[in-house]
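The values are calculated or read from the model by the stated rules, or taken from the named source; none is laboratory data. Only a predicted model underlies this, so the values are computations on that prediction, with no experimental measurement involved. With ideal geometry, Cβ positions are generated from the backbone for all residues, glycine too; neighbour counts draw on all protein chains shown. We work out accessible area using only protein heavy atoms, side chains counted, and drop any ligands, DNA or RNA first. Shrake-Rupley method; radii C 1.70, N 1.55, O 1.52, S 1.80 Å.
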Amino acid sequence: MTFPFDEEILSLPFYEERHRTLAGEIAAWTAAHSGLWTDAEAEDEPEKTELSIIRALGEDGWFAFLNEGLNESPDKSVTPDFRSLCLRREGLAYADDLADYAFSIQALAAMPILRHASAEQRVRYLPGLAGGSQVAAFALSEEQAGSDVAALQLRAERAGDGYVLNGSKAWVANGGIADLYTVIARTGEGPGALGLTAFLVPATTPGLQVHDRIQTIAPRAFAHLTFEECRLPADSVLGRPGHGFVVAVEVLDRFRMTVGAAALGFARRAMDAALGRAAQRPIYDGRLIDLPTVRATLADMEVQLNAAALLVARAAWELDEGRRRFARHSSIAKLYATEAAQDIVDAAVQIHGAAGLVADSPTGRLYRQIRSLRIYEGTSEIQRTVIAQSLDLTRADRRAPSASS
Ligand SMILES: Cc1cc2nc3c(=O)[nH]c(=O)nc-3n(C[C@H](O)[C@H](O)[C@H](O)COP(=O)(O)OP(=O)(O)OC[C@H]3O[C@@H](n4cnc5c(N)ncnc54)[C@H](O)[C@@H]3O)c2cc1C
């Protein structure tokens with residue numbers, strides 16, 4: 001059984017004994033369930049594969065943290081342990097792209113319910129999502145509004161006691177297989193981002209349609225949605241009217257670090273493949289790994305892996321400790337880990353030579369699968385913007401050398 005984590009990093013004080021135990025459980029689960037994603041048709045039928053993975057994860061308690069929401073009073077927001085969530089993504093991403101996708105979208109889409117739902121909404125939705133019998137999706141982006149959330153146009157207008165939704169959503173992960181969509185719509189309480197509200201919309205609601213199933217370079221359940229005269233009762237509102245932006249931003253602020261964790265899983269798999277290839281490939285009078293340039297590439301990959309793992313661990317620890325500036329560390333971890341993973345996967349392809357580009361080879365698949373991580377949940381450019389905004393300018397004032405010094 002391959003251990004998908006770095007034991008030295010796990011032994012650092014960022015982690016507790018329960019996290020080290022969890023890492024072992026993740027390694028055992030992914031080894032025992034690899035048939036779910038290694039079947040010949042797994043990538044040809046991503047929706048079917050993903051549903052099977054979500055069911056298996058649910059049955060084996062991977063989403064049990066969602067049940068914590070049933071025991072807390074509705075005025076208390078529940079935040080699960082993010083070091084555990086990050087380790088789960090890292091281990092699943094090491095095993096397979098769709099395994100990570102299945103876990104992460106369900107967890108992300110359920111998070112706003114955990115944090116903002118009424119007692120009745122929690123009881124209605126959380127048990128099915130926790131057990132994996134129900135699938136969730138989070139619909140924020142629109143064709144003209146990805147990074148620019150304030151440009152959202154999907155309208156939710158008051159009609160009697162409830163609302164009517166008209167418009168569309170784009171790039172929805174789990175679109176087409178979800179039973180429940182958390183939809184951010186414009187209700188107009190204020191301008192731009194201030195006039196948005198979150199709604200819980202069952203997939204069976206008349207007027208909600210999967211408009212287009214999207215094929216991407218790494219096959220996944222992914223779709224555009226349309227809403228036409230889609231009527232919702234008043235109790236579909238998640239949280240408070242006008243607070244949709246807060247609902248969206250606070251889930252993304254938290255989940256960004258888990259994208260970094262997934263990047264780490266993909267990158268470590270690429271590193272292991274590169275090391276294996278370099279150690280075995282005969283070349284000239286020795287092996288590839290004897291060549292100084294190849295060794296230097298492997299050393300650079302190792303440094304990037306370590307830096308990414310430390311940044312992800314730190315971000316999750318900041319959040320679990322309740323520290324105020326965790327979101328800045330979440331952005332730093334996502335930016336660095338996803339960019340580094342892209343470099344590491346590319347270097348692994350290079351070390352494999354032509355064999356690294358074979359479409360169905362581990363490196364060929366990783367090359368396709370890693371790309372989206374620098375785009376979803378805030379592009380790298382948006383992370384840089386957020387990090388720059390978080391810089392402590394008073395520190396710069398204090399440290400700037402005076403003209404006379
Ligand atoms: C695999 C995947 C899954 C996704 N899942 C979901 C989902 O479940 N739900 C959902 O709602 N959305 C989802 N998305 C959509 C995703 O959130 C958006 O793609 C992302 O926010 C970027 O928006 P965009 O694609 O419209 O690009 P744009 O916002 O048009 O950006 C285009 C380019 O401009 C750059 N740019 C934009 N603003 C700035 C700025 N201020 N400064 C510098 N550069 C800037 C971007 O970095 C990017 O390089 C998913 C996307 C992918 C790829």
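Within the bounds of the stretch 297-313, is there any residue that is open to solvent by less than 50 Å² (accessible area, probe 1.4 Å) and more than 15 Å from Met271 (Cα to Cα)? Yes: the stretch 297-313 contains one or more residues that are open to solvent by less than 50 Å² (accessible area, probe 1.4 Å) and more than 15 Å from Met271 (Cα to Cα). Residues that are over 21 Å from Glu25 (Cα atoms) and open to solvent by less than 70 Å² (accessible area, probe 1.4 Å) within the stretch 73-90 comprise Ser73, Pro74, Ser77, Val78, Thr79, listed in sequence order. Scanning the stretch 172-193 for residues that are modelled with pLDDT of 95 or more, away from the ligand (no atom under 14 Å from the Cβ) and not polar (S, T, N, Q) gives Asp179, Arg186. For Gln144, the conditions (1) free of Cβ contacts under 8 Å to residues at least 40 places away in the same chain; (2) under 27 Å from Glu45 (Cα atoms) all hold with the exception of (2). Candidates Ala99, Ala151, Ala198: the one that is crowded, with 17+ Cβ neighbours inside 10 Å and outside the structural domain of Gly35 (by TED's automatic domain parsing) is Ala198. Among strands (runs of 3 or more DSSP E) entirely within the stretch 99-212, having at least 2 residues that are within 23 Å of the chain's Cα centre (by Cα) singles out 136-139, 162-173, 180-186, 196-202. When Met1 is tested against the conditions (1) closer than 30 Å to Ser361 by Cβ; (2) of a type in the set (A, V, I, L, M); (3) surrounded by 14 or more Cβ atoms within 10 Å (Cβ to Cβ), the lone failure is (3). On the stretch given as the stretch 118-148, residues that are more than 11 Å from the ligand (Cβ to nearest atom), among the charged types (D, E, K, R) and surrounded by 20 or more Cβ atoms within 10 Å (Cβ to Cβ) total 1. The listed residues are Ile184, Ile177, and the only one of them that is in contact with a strand residue (DSSP E or B) (Cβ under 9 Å, 6 or more places away or on another chain), aliphatic (A, V, I, L, M) and surrounded by fewer than 24 Cβ atoms within 10 Å (Cβ to Cβ) turns out to be Ile177.
The listed residues are Ala307, Ala347, Ala355, Ala267, and the only one of them that is among the small types (Gly, Ala, Ser), under 25 Å from Ala173 (Cβ atoms) and outside the structural domain of Tyr94 (by TED's automatic domain parsing) turns out to be Ala267.
Restricting to the stretch 224-261, name every residue that is of a type in the set (A, V, I, L, M), open to solvent by less than 10 Å² (accessible area, probe 1.4 Å) and in a helix (DSSP H, G or I). Passing the criteria: Val247, Ala248, Val251, Met257, Val259, Ala261. Scanning the stretch 42-64 for residues that are open to solvent by less than 20 Å² (accessible area, probe 1.4 Å), assigned to a helix (DSSP H, G or I) and among the small types (Gly, Ala, Ser) gives Ala56, Gly58.
Is it true that Leu264 is open to solvent by 30 Å² or more (accessible area, probe 1.4 Å), in contact (Cβ under 8 Å) with a residue 12 or more places away in the chain and aliphatic (A, V, I, L, M)? It would help to see each step written out before you state the result.
On the way: open to solvent by 30 Å² or more (accessible area, probe 1.4 Å): no; in contact (Cβ under 8 Å) with a residue 12 or more places away in the chain: yes; aliphatic (A, V, I, L, M): yes.
No, not satisfied.
Those helices (runs of 4 or more DSSP H) of the stretch 1-41 in which 1 or more residues are under 16 Å from Asp272 (Cβ atoms) occupy 7-10, 17-32.
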